[in-house]
Amino acid sequence: MSKGKNGRLRRKDGVWDPLKTSSADKKRAESVPRTPQSMSPSYRLAYADEDFLCREELRPIRLQLELLKTEMSLTERGIKSTVVMFGGARIPAPGTNAWAARNDVQRVNLEAASVYYEEARKFARLCSRYSAGFDFHEYVVVTGGGPGVMEAGNRGAAEEGAPSIGLNIVLPHEQAPNVYVTPELSFNFHYFAIRKMHFMVRAKAIAVFPGGFGTMDELFECLTLIQTGRMERLPLILFGEKFWRSIINFDALAEFGTIAPDDVNLISFVDTADEAWKIVADFYEHDNGH
């Protein structure tokens, strides 16, 4: 609330509202004398009672809260479109150890895959450079907020002085947000479904780098939405054609008949950030891709 003429209270959006705010009443409730009655969980305001909000029956409310919190923050920031970057958390930066390797073969493969860290970083820089022309309201980089390719994406944006979004999720093993995510755009989720929705709702392009089960899940989620017409066609770019064709035989799916022959064309394969950005620029008919 902010005081207007004659001491009247108005909301930030200028709407007249004579009612006390929830924040004010929360503070007031916390200031009452501590007695057995006021200290009882039943006395807590419902919206300020974390134990109550975490009850199984409140799951629909929690789903709505996770949807609303991020949506409201991005809207207030003026972010209108994003470039989504998916990829393996285990891919190290060039010159660093493959911390996730469990044997020598994995170590060799993951350290060789550091080239994708560098290409992800460069691709994020190209997107962010173009985003600057829109005051960073369009083509804002969004990642899963963690290490590996996700870190590379946020890092590339930060190097261009651009904001970037991190959509973290609580996992059995700790996944702290990487240090390159814009702090006020660093979010954390309990529900995978809501997190996935936030990846998609502003997406103008999706870049997928080599990764594991999580990356595969995200890739096929996007492909299914586009294939079924639930999402508009947009650039869906896979970095590392050799990797992807060795892991997934897309042509075999089409040959067998479980997807249409043209469905394979929903995907573009690239090996470099420059190739990827050209696909995005050509798709949206930008005069100046950089």
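General remarks:
- Residue within segment 142-157 that is of a type in the set (Asp, Glu), open to solvent by 20 Å² or more (accessible area, probe 1.4 Å) and touching a residue at least 40 places away in the same chain (Cβ under 8 Å) present: yes
- Cβ-Cβ contacts under 7 Å between residues 6 or more apart (or on different chains), taken from a first residue in segment 83-105 that is assigned to a loop (DSSP other than H, G, I, E, B) to a second residue that is β-branched (Val, Ile, Thr), are listed as 87/149; 87/208; 87/215; 88/149; 88/215; 91/149.
- Reported count of residues in segment 241-285, each being more than 30 Å from residue 112 (Cα to Cα), at pLDDT 95 or above and either hydrophobic (A, V, I, L, M, F, W, C) or outside any helix (DSSP H, G or I) (or both), is 8.
- Within segment 260-280, residues that are closer than 13 Å to residue 238 by Cα have Cβ atoms under 7 Å from residues that are of a type in the set (D, E, K, R) and in a helix (DSSP H, G or I) in these pairs: 264/251; 269/241; 271/241; 272/119; 273/119; 273/122, counting only partners at least 6 apart in sequence or on another chain.
Yes or no, residue by residue, for (1) assigned to a helix (DSSP H, G or I); (2) open to solvent by less than 60 Å² (accessible area, probe 1.4 Å); (3) touching a strand residue (DSSP E or B) at 6+ places or on another chain (Cβ under 9 Å):
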| residue | (1), (2), (3) |
| --- | --- |
| 161 | no, yes, no |
| 173 | no, no, no |
| 187 | no, yes, yes |
| 194 | yes, yes, no |
| 214 | yes, yes, yes |
| 219 | yes, yes, yes |
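- When residue 166 is tested against (1) open to solvent by 10 Å² or more (accessible area, probe 1.4 Å); (2) in a strand (DSSP E or B); (3) of a type in the set (Gly, Ala, Ser), only condition (1) is not met.
- Looking only at residues of segment 57-82 that are without any contact (Cβ under 8 Å) to a residue 60 or more places away in the chain and under 23 Å from residue 234 (Cα atoms), we find that the one that is least open to solvent (accessible area, probe 1.4 Å) is 78.
- Test: residue in segment 27-39 that is surrounded by 12 or more Cβ atoms within 10 Å (Cβ to Cβ), in contact (Cβ under 8 Å) with a residue 60 or more places away in the chain and assigned to a helix (DSSP H, G or I): no
- Condition broken by residue 238, with the remaining ones in (1) crowded, with 16+ Cβ neighbours inside 10 Å; (2) of a type in the set (A, V, I, L, M); (3) not in a strand (DSSP E or B) satisfied: (3)
The values are calculated or read from the model by the stated rules, or taken from the named source; none is laboratory data. Computed from a predicted structure; not experimentally measured. Please note: Cβ atoms are built from the backbone with ideal geometry, for glycine as well, and neighbour counts cover all protein chains shown. Remember, those area values only see protein heavy atoms, side chains included, never the ligands or the DNA or RNA. Shrake-Rupley method; radii C 1.70, N 1.55, O 1.52, S 1.80 Å.
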